[in-house]
Amino acid sequence: MPVIEFIEILNDAGLAEETLMVNVSHPLDAPLDTVQLERDVARIYGMELFERVTPEVVERNGSHGIVIDARAKSWGPNYLQFGMDLEDDFEGDTLYNIRVAYLQTVRNLRGAEWRTAITVGQEPGISTEWYQPLDRVRRYFVNASVGYQKFNLNEYDGDDRIAEYRFTEASATLAAGRIFGNWGEFRLGVETGTGDTSLRVGNPDLATPDYDLGRAFARFAVDTLDNSFFPSEGVFLEANYSWHRSGLGDDESFDQALLGAGVAMSFGRYTIIPNVELGKSTRGDTPFYALFRAGGFLRFSGFESNELSGQEIAFGSAVFYRRMNDITFLPVYFGGSVEYGAIGDDIDTDDGKAAGSLFLGADSFFGPLYLGAGLAEGGNASAYMFLGQRF
């Protein structure tokens, strides 16, 4: 094998070469390592900016090197993305949303991105977000977003729903952070916003207050999953901590911690993904607008989306599926889930709810497709259909 003395990356996507070189780990002044070169090429291709990435060993003035030619997608660099949700609880309540987003990539030499998303349906909203790497190797970044949305939240007395509220919320977020290779991220940020509520179902005498929110937050995430929607291997972990303070504009002062983690493991055509989610509010009572929410597909399946809420959550599940075909561009999966957990204001072992689901899924050209049904104890049942990315 020739000794590699230089490495170059050519690209027509408008990125600086240093930005792409962070994906290359092949050593210099060492024999050509074809396995490592394949990994480097895969990482560059995994940025999802290039149609093809082709390496070549060349000789210049008696020295051998590697030239990697990265050709930008002919259908980019701007993309339209679509999504659709449909849920039915077999009791006359149906939730539907249609989403469209416009993503602009490589807005400058450091690879900034700008995404604007619109949702119409029962949870309408609009948001726009700017992601800006600060250095040429994209280790540090700032992220700013503003959004406006409407959603419903239920209030329960035991297992009885006593009210359903309609929330209207506008917020703005500014964060900065650091990327760790292709596996992790840490960020710090602040969020401010305002909202109001209206009563959709329940006693007309129930209060419907306006509110202000203001918090600082820290987030650490690890993600080595090999696919965002139907992974076969890898781990994920996300730890969040937020400080709601009146000095930041919030109506109340309290803290919240949330941890989620899981691992994907495959055995031939079969994959199982056990995961856990733990959340707790401390240093004061959590107001209604900041409660943890749960319910919906694979997260207390059988309940409506965000039907459950509380100051604490403890949830665990095992998702499993089998690949049914060998079509590369349209893999189809059949699977299900077993779920158990509790959510409320002061949960204990007696508050646990069991749930589960069965689903048929496909990783299609338009994004993931799920057709499924969920059942939870107490006779709660729902049918689900999702198509496309959930932004």
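The values are calculated or read from the model by the stated rules, or taken from the named source; none is laboratory data. On a predicted model such as this, the values are computed, not experimentally measured, just so you know. Here Cβ is always computed from backbone atoms with ideal geometry, including for glycine, and neighbour counts include all displayed protein chains. Remember, those area values only see protein heavy atoms, side chains included, never the ligands or the DNA or RNA. Shrake-Rupley method; radii C 1.70, N 1.55, O 1.52, S 1.80 Å.
At a glance:
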item: Residue that is farthest from residue 231 (Cα to Cα), among those in the stretch 328-353 that are among the acidic types (Asp, Glu) and touching a Ser or Thr at 6+ places or on another chain (Cβ under 9 Å); result: 345
item: Selection from the stretch 104-125 of residues that are over 30 Å from residue 17 (Cβ atoms) and assigned to a loop (DSSP other than H, G, I, E, B); result: 122, 123, 124
item: Residue selected from the stretch 232-280 under the condition outside any strand (DSSP E or B) and of a type in the set (Asp, Glu), by the criterion most open to solvent (accessible area, probe 1.4 Å); result: 233
item: Residues of the stretch 281-305 that turn out to be over 17 Å from residue 259 (Cβ atoms), open to solvent by 40 Å² or more (accessible area, probe 1.4 Å) and either without any contact (Cβ under 8 Å) to a residue 12 or more places away in the chain or under 20 Å from the mean Cα position of the chain (by Cα) (or both), as a count; result: 2
item: Residues within the stretch 327-365 that are more than 23 Å from residue 294 (Cβ to Cβ) and exposed (fewer than 14 other Cβ atoms within 10 Å of the Cβ), tallied; result: 6
item: Some residue of the stretch 40-52 being crowded, with 19+ Cβ neighbours inside 10 Å, farther than 30 Å from residue 373 by Cβ and of a type in the set (Phe, Trp, Tyr); result: yes
item: Failed item in (1) polar (S, T, N, Q); (2) more than 30 Å from residue 382 (Cα to Cα); (3) open to solvent by 50 Å² or more (accessible area, probe 1.4 Å), with residue 94 passing the rest; result: (2)
item: Restricting the stretch 306-324 to residues that are aromatic (Phe, Trp, Tyr) and farther than 25 Å from residue 122 by Cβ, the residue that is surrounded by the most Cβ atoms within 10 Å (Cβ to Cβ); result: 321
item: Given (1) surrounded by fewer than 17 Cβ atoms within 10 Å (Cβ to Cβ); (2) under 22 Å from residue 77 (Cα atoms); (3) touching a residue at least 40 places away in the same chain (Cβ under 8 Å), number of the condition residue 135 does not satisfy; result: (3)
item: Scope the stretch 209-231; condition surrounded by 15 or more Cβ atoms within 10 Å (Cβ to Cβ) and either among the β-branched types (Val, Ile, Thr) or part of a loop (DSSP other than H, G, I, E, B) (or both); matching residues; result: 222, 224, 225, 229, 230, 231
item: Residue in the stretch 73-89 that is open to solvent by less than 80 Å² (accessible area, probe 1.4 Å), of a type in the set (A, V, I, L, M, F, W, C) and outside any loop (DSSP other than H, G, I, E, B) present; result: yes
item: Those residues of the stretch 1-13 which are exposed (fewer than 15 other Cβ atoms within 10 Å of the Cβ), in a loop (DSSP other than H, G, I, E, B) and touching a residue at least 40 places away in the same chain (Cβ under 8 Å), in sequence order; result: 2, 12
